[in-house]
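See structure below.
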Amino acid sequence: MIEIINNNVFHLMNDKVSYVLYLMKNNQLGHLYYGSPLGKLTQNDVDYMLERNNKSAGTVKFYKDDGMFTLSDRLQEYPVYGTSDFKEGAIEIVDSKRTPLYLDFQFVKYEKEFTKERNLAYPATYSENEESQTLKIRLHDSNHNIDLIINYTIFENSAVIARSQEVINKSEDSITIEKLYSGVLELNNNNYDFIHFSGAWLKERHIKKKKLTQGKVSVESLKGASGHQHNPLVLLQEKSGNLNHGDVYGSNIIYSGNFVSQVEIDEWDNLRLLTGINSDYFSWKLGKNESFKSPEAILAYSNEGLNGISNEFSSFIENHVIDRQWQKQNRPIVFNNWEATYHDFTDESLVSLAEKGKSLGMECFVLDDGWFKNRHNDRTSLGDWVTDEKKFPNGLRDFSEKIQDQGLELGLWFEPEMISLDTQLYEEHPDWVVGHPYERKSVGRGQFVLDFSNPEVIENIYAQMKAIIEETNITYIKWDMNRNITEAYSEYLKEKQIDQTEFFHRYISGVYTLYNKILMDFPEMFIEACAGGGGRYDLGMLFYSPQIWPSDDSDAVERLAIMSGTLLGYPLSSFSNHVSASPNHQVYRETSIEMRQHVAMFGPHGYELDLNELGDEEQEKITKGIEWYKENRKLLTHGSFKQLMDPTNPENEYSWGVFNEDVSEAIISFYRILAKPNSAVTEYIEVPFLSEEKTYKINDTEVVSGQTLKKFGLRKPYQYNGANAGQAQVSGDFQSYIYHIIEVDEKEENNG
Ligand code: DGJ
């Protein structure tokens, strides 16, 4: 997978992709190519690729005696601003007097590594059985005695390249890293649109598309979390591309804290993508021989349009970021009590909800919030993780046994990073709250953030959580985080004389430490991440939590947009989906139980509504829906997922499909938000993934060849138009329809 030509060209390649870098004439690393596989390269090929127009006129040159060579027109692997290139660079370091260093990292040597183990201490990609190769390139700046190691990893059967950078201070003096981005991708034209995933609480990761032109465009977070507003995932889509055709590049980072993902287009239409820890409010001091490693970035490529890049990301993340044990087991069908009861319940009312859920087919009861001492509303008690004796007079163990004795799994909600001021924890440790020494501290949901840069805080919270986990034998944790960090300042860092600019990174590293501790002691604990809904839907979280609660908006129609955006870069199996009440609690929209089920059955499935309020008909539909989901769960959680209508340009309709490896079975959904009678006589959905060699039966009725379905299309359900009552398959607003398509033996069908 790693080919080295003439000791100065490095070709990472497999059946899906080639990534080529080389030593430029100044002995720094230049970038040559990332895209469809090039096959084995010869020196002639390399010479041909290296030949490019020189744009030296009007630029500053790198060498005194070479009037042609300038970094401003070279594609680079790890550019430094101000060294004949004026675009934003990937790294900035200052010396102990805060003088900027114009770094000159020159090649020293390379090594190859054939293993990349999963290490719970810090989130990163991993591989098993030598499925990956890593090229480790050591560079050195001799003026300042600083080493830079760049790690590139390529994986079998994947178009993803993972990379990270490590800085080692070899000098006697301390230095401070002001910026150390994780990913860089340079392309030599701007033939792309920039796609990002942005929104707010209740409307996370909506698809936004921007035209690129000379200048910069970026998305970022400075909230201490990746955030509801933006996501580190960004795509570059070839302008003429669409859902299934055209080049698309994608980039993401395995990180949950402050980030930036940006693209800069220069005067010659060169494109530079940078992504990593946000350099605002960040710096990191290194003494002699100390080092700092950036989080890992993953770059992906596909020439099969948006569906292609979504499939690349999704299978990569399932195999090399999320713990693989979660692919082998069924995701439980969850009943979550939040929207059913909020804080208002007794142990008996919960047990009766659990019984009801069990009778309808649910498998795991998640007790969401409100179970710990005095937590009767969302303004209190965070940090004291002890049972509320009023709600649980016989204790939490007794309650958990009542749930588990029914054959249900039990999950519990925690918000480990938070503290309320009315707690014993606060009384004992007021200095554990994040905030400046001045009096005013901004407040969110009535709560404050615990200083996770302080290891003692993590130990305390872990000890409390461990006691509860052992008491209740839970197998599932919902890990929430409901407010962002303001006035970032740590008393602990002050005491240790560590710069406050290290706080944000130390905080999120502390969050990872707590995840690590839990999973080291309880390796089979299933953790569902959540941050006021989708405020931390990122790869750092997915490394520890295979599933994320994607939004506090559980409305089926809003979820169409959230899910269509999210799944362009994250796997179906990571997206928790619940059927909630109608009218919906966030938008007050009324939708049918079918529509809600048809949306929520894509991905891990659950219910979050008052089961005691359900009529007989709804109960029957839920039971049937769950039975059907169980039969098709594998496909609906881990099947290949494709969108069948362009979600970057949604009008009134969405359509999704999942299919198995040999495409002998597919489930396709169709959603129409508002009724549209008589728009055409008959309309069809394009289904590019069905096999032309097979014959299929649709919903146990029509038998059609794969050829016809592929070329002619799948007929959309008949819309009610006032005169076709007998025939209409959908009517009113908020429509949905499911096609279950299964391969059949053509001859048997014809004989039959
Ligand atoms: C916010 C979450 O997103 C909800 O699902 C729920 O867990 C509440 N917090 C509980 O306070």
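The values are calculated or read from the model by the stated rules, or taken from the named source; none is laboratory data. Worth saying up front: this structure is predicted, and the values here are computed from it rather than measured. All Cβ positions, glycine included, derive from the backbone under ideal geometry; neighbour counts span all protein chains shown.
Can we say Y102 is in contact with a Gly (Cβ under 8 Å, 6 or more places away or on another chain) and at pLDDT 95 or above?
For Y102, the condition - in contact with a Gly (Cβ under 8 Å, 6 or more places away or on another chain) and at pLDDT 95 or above - is met.
What number of residues in segment 171-215 are within 21 Å of D85 (Cβ to Cβ), part of a strand (DSSP E or B), in contact with a Ser or Thr (Cβ under 7 Å, 6 or more places away or on another chain) and not β-branched (V, I, T)?
Selection size over segment 171-215: 5.
Tell me yes or no: at least one residue of segment 452-461 is in contact with a Phe, Trp or Tyr (Cβ under 8 Å, 6 or more places away or on another chain) and within 16 Å of the ligand (Cβ to nearest atom).
no
Just a yes or no: is a residue in segment 419-441 basic (K, R) and over 19 Å from V386 (Cβ atoms)?
yes
Checking W268 against (1) under 23 Å from P647 (Cβ atoms); (2) among the hydrophobic types (A, V, I, L, M, F, W, C); (3) touching a helix residue (DSSP H, G or I) at 6+ places or on another chain (Cβ under 7 Å): exactly one of these is not met. Which one?
Only one criterion is unmet by W268, namely (1).
Taking segment 495-527 only, how many residues are touching a Leu at 6+ places or on another chain (Cβ under 7 Å) and closer than 21 Å to K466 by Cα?
The number of residues fulfilling the criteria is 4.
For segment 40-51, how many residues meet the condition of being surrounded by 12 or more Cβ atoms within 10 Å (Cβ to Cβ) and in contact (Cβ under 8 Å) with a residue 12 or more places away in the chain?
4
Starting from segment 482-497, keep only residues that are within 16 Å of the ligand (Cβ to nearest atom), then list their pairs with residues that are part of a loop (DSSP other than H, G, I, E, B) whose Cβ atoms are within a distance under 7 Å, requiring at least 6 positions of separation or different chains.
Final answer for the pair search is N482/E415; N482/R445; N482/G532; R483/R445; N484/K223; N484/G224; N484/A225.
Residue by residue, here is whether (1) over 18 Å from M601 (Cα atoms); (2) modelled with pLDDT of 95 or more; (3) in contact with a helix residue (DSSP H, G or I) (Cβ under 8 Å, 6 or more places away or on another chain) holds:
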{"residue": "S640", "(1), (2), (3)": "no, yes, yes"}
{"residue": "Y654", "(1), (2), (3)": "no, yes, yes"}
{"residue": "S679", "(1), (2), (3)": "yes, no, no"}
{"residue": "S691", "(1), (2), (3)": "yes, yes, yes"}
{"residue": "K694", "(1), (2), (3)": "yes, yes, yes"}
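Report the residue count in segment 333-360 for those that are within 15 Å of the ligand (Cβ to nearest atom) and under 29 Å from the mean Cα position of the chain (by Cα).
Qualifying residue count for the region: 8.
For segment 694-752, which positions are assigned to a strand (DSSP E or B), hydrophobic (A, V, I, L, M, F, W, C) and more than 38 Å from the chain's Cα centre (by Cα)?
V703
Name every residue in segment 387-414 that is part of a loop (DSSP other than H, G, I, E, B) and within 16 Å of the ligand (Cβ to nearest atom), in order of residue number.
D388, K391
Within segment 530-573, which residues are among the β-branched types (V, I, T) and touching a helix residue (DSSP H, G or I) at 6+ places or on another chain (Cβ under 9 Å)?
Scanning segment 530-573 gives I548, V557, T566.
Mind listing whichever residues of segment 563-583 are more than 12 Å from the ligand (Cβ to nearest atom) and of a type in the set (S, T, N, Q)?
Across segment 563-583, the qualifying residues are S564, T566, S573, S574, N577, S582.
Report, by residue number, each residue of segment 419-465 that is under 21 Å from I518 (Cβ atoms) and acidic (D, E).
D451, E456, E459
I'd like the full set of residues that are away from the ligand (no atom under 12 Å from the Cβ) and either of a type in the set (D, E) or part of a loop (DSSP other than H, G, I, E, B) (or both), limited to segment 533-562.
Selection gives D538, S545, P546, D555, E558.
Okay, residues lined up against (1) out of contact with any Pro (no Cβ under 7 Å at 6 or more places or on another chain); (2) closer than 18 Å to I322 by Cβ; (3) not assigned by TED's automatic domain parsing to the domain that holds G732:
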site	(1), (2), (3)
T566	no, yes, yes
P571	yes, yes, yes
N584	yes, no, yes
R589	no, no, yes
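Which of the residues spanning segment 474-497 are over 19 Å from I508 (Cβ atoms) and either polar (S, T, N, Q) or in contact with a Cys (Cβ under 8 Å, 6 or more places away or on another chain) (or both)?
T475, Y476, K478, Q497
Looking at K55, is it in the same structural domain as I150 (by TED's automatic domain parsing), in contact with an Asp or Glu (Cβ under 8 Å, 6 or more places away or on another chain) and basic (K, R)?
yes
What number goes with the only condition from (1) within 16 Å of the ligand (Cβ to nearest atom); (2) over 30 Å from S291 (Cα atoms); (3) out of contact with any helix residue (DSSP H, G or I) (no Cβ under 8 Å at 6 or more places or on another chain) that I527 does not pass?
Evaluating I527 over (1) within 16 Å of the ligand (Cβ to nearest atom); (2) over 30 Å from S291 (Cα atoms); (3) out of contact with any helix residue (DSSP H, G or I) (no Cβ under 8 Å at 6 or more places or on another chain) leaves (3) as the failure.
Tell me, please, whether a residue that is surrounded by fewer than 19 Cβ atoms within 10 Å (Cβ to Cβ), away from the ligand (no atom under 16 Å from the Cβ) and not in a helix (DSSP H, G or I) can be found in segment 500-519.
no
Can you list the helices (runs of 4 or more DSSP H) lying wholly within segment 245-352 that have 3 or more residues being touching a strand residue (DSSP E or B) at 6+ places or on another chain (Cβ under 8 Å)?
Because the criterion is at least 3 residues that are touching a strand residue (DSSP E or B) at 6+ places or on another chain (Cβ under 8 Å), the helices (runs of 4 or more DSSP H) in segment 245-352 that meet it are 305-320, 338-341.
With the condition kept exactly as written, say whether any residue in segment 664-685 is assigned to a strand (DSSP E or B), surrounded by 14 or more Cβ atoms within 10 Å (Cβ to Cβ), hydroxyl-bearing (S, T, Y) and not assigned by TED's automatic domain parsing to the domain that holds Y629.
Scanning segment 664-685, I find at least one residue that is assigned to a strand (DSSP E or B), surrounded by 14 or more Cβ atoms within 10 Å (Cβ to Cβ), hydroxyl-bearing (S, T, Y) and not assigned by TED's automatic domain parsing to the domain that holds Y629, so the answer is yes.
Can you name every residue in segment 362-386 that is away from the ligand (no atom under 16 Å from the Cβ) and touching a Lys or Arg at 6+ places or on another chain (Cβ under 7 Å)?
Matches in segment 362-386: V386 only.
Filter segment 594-621 for residues that are part of a helix (DSSP H, G or I), away from the ligand (no atom under 16 Å from the Cβ) and farther than 14 Å from T341 by Cα and give the result.
E594, M595, R596, Q597, H598, V599, D616, E617, E618, Q619, E620, K621
How many residues does segment 111-129 contain that are in contact (Cβ under 8 Å) with a residue 24 or more places away in the chain and part of a loop (DSSP other than H, G, I, E, B)?
Of the residues in that region, 11 qualify.
Given (1) within 25 Å of the chain's Cα centre (by Cα); (2) in the same structural domain as Y19 (by TED's automatic domain parsing), identify the lone condition not met by D369.
Every listed condition holds for D369 apart from (2).
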